[in-house]
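What follows is calculated from the coordinates using simple rules that are stated; it is not laboratory data. This structure is a prediction, so every number in the text was calculated from the model and none was measured. Methodologically, a virtual Cβ is constructed for each residue, glycine included, from the backbone with ideal geometry; neighbour enumeration extends over all protein chains shown.
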Amino acid sequence: MGDVMVVIADGLQAYAPPGPPLAWAVAAVLVLAVLAVGAFRVVSEDERLVVFRFGRLAAVKGPGLAVVLPGVDRVVRVPLDTTYVDLLWLDAVTRDGVAVTVNGAALASVGDPVSYALSRNSPNSATLAVAETEIRGYVAERDLAELSEPSEGDLCHLSAKVSDRTRDWGVDVTLIEFSRVEVRLKADLIRWAEGFADRARKAAR
């Protein structure tokens, strides 16, 4: 493409070098528009945006409109809303040797978005595994009769033990509740019933 002639005034002309092709200009505008759109993220009230830049923690943003650098920043959306973690058909054995199945739930929420985002494993799965382990330990320290109506203090202590471990990945467990404790109709239940009856007779004397 040759030079472009520009008429400045009657009888006076000048030559200007050609500008960039129109296609280039349109492409540049589109790229800038895509980058601009990708730089803005909307963060709701019940979540936070954890931003890593070149592999390092850069910021925790939200709620509201957050700006990130496309292609440079890695972002992790962290939910802050409280959720129930279902504890279903958990097998355990009581202190007096009775096999039981425990059903319940744990009330969990994210207290540290950064630790949650840095967790290598799924925080929800890890929380469930810890809760199951601690509940088995709780059952193993109690007789069958004590499980029928667990005290509020015992459950608060159990929740605190779970939360002490889940806090490593930013999760707080504020409540554990049992909805049902089932006893299997097996020989160990019969032995427990006989032993319970013997203890009751001795206590009545």
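How high is the FRET efficiency from S119 to L22, r the C-beta distance, R0 45 Å, rounded to 0.05?
0.35
For an R0 of 30 angstrom, estimate the FRET efficiency from the Cβ-Cβ distance between L65 and D112 and round to the nearest 0.05.
FRET efficiency, L65 to D112: 0.80.
What would the Debye equation give as log₁₀ I(q)/I(0) for region 23-179 at q = 0.13, 0.17, 0.21 Å⁻¹, counting only Cα atoms as equal point scatterers?
For region 23-179, the Cα-only Debye profile gives -0.69, -0.95, -1.22.
Between E141 and D164, what is 0.36 nm times their sequence separation minus the Cα-Cα distance? Round to one decimal in nm.
6.4 nm
Expressed in nm to one decimal, what extension gain is obtained for the pair V76 and S148 from 0.36 nm per residue of sequence separation less their Cα-Cα distance?
Difference between extended and current length: 21.7 nm.
Within the set of other residues whose C-beta is less than 15 Å from the C-beta of T133, count the net charge using Lys and Arg as +1 and Asp and Glu as -1.
That sum, taken over residues with Cβ under 15 Å, equals -3.
Please give, to one decimal in nm, the separation of the simple spin-label points placed at A129 and S179, each 7 Å out from Cα toward the Cβ.
With each label point 7 Å from Cα toward Cβ, the separation is 2.5 nm.
How charged is the neighbourhood of D81? Take every other residue with its Cβ under 11 Å from the Cβ of D81, and add Lys/Arg as +1 and Asp/Glu as -1.
Here the count lands on -3.
In Å and from the alpha-carbon atoms only, list the Rg and Dmax of region 84-148.
Rg and Dmax of region 84-148, Cα atoms, are 14.3, 43 Å.
Using a cut-off of 11 Å between beta-carbons, work out the net charge of the residues near A59 (Lys and Arg +1, Asp and Glu -1, A59 not included).
Net of charged neighbours comes to +3.
With each label point set 7 Å from Cα along the Cα-Cβ vector, what nm distance links T83 and R56?
3.1 nm
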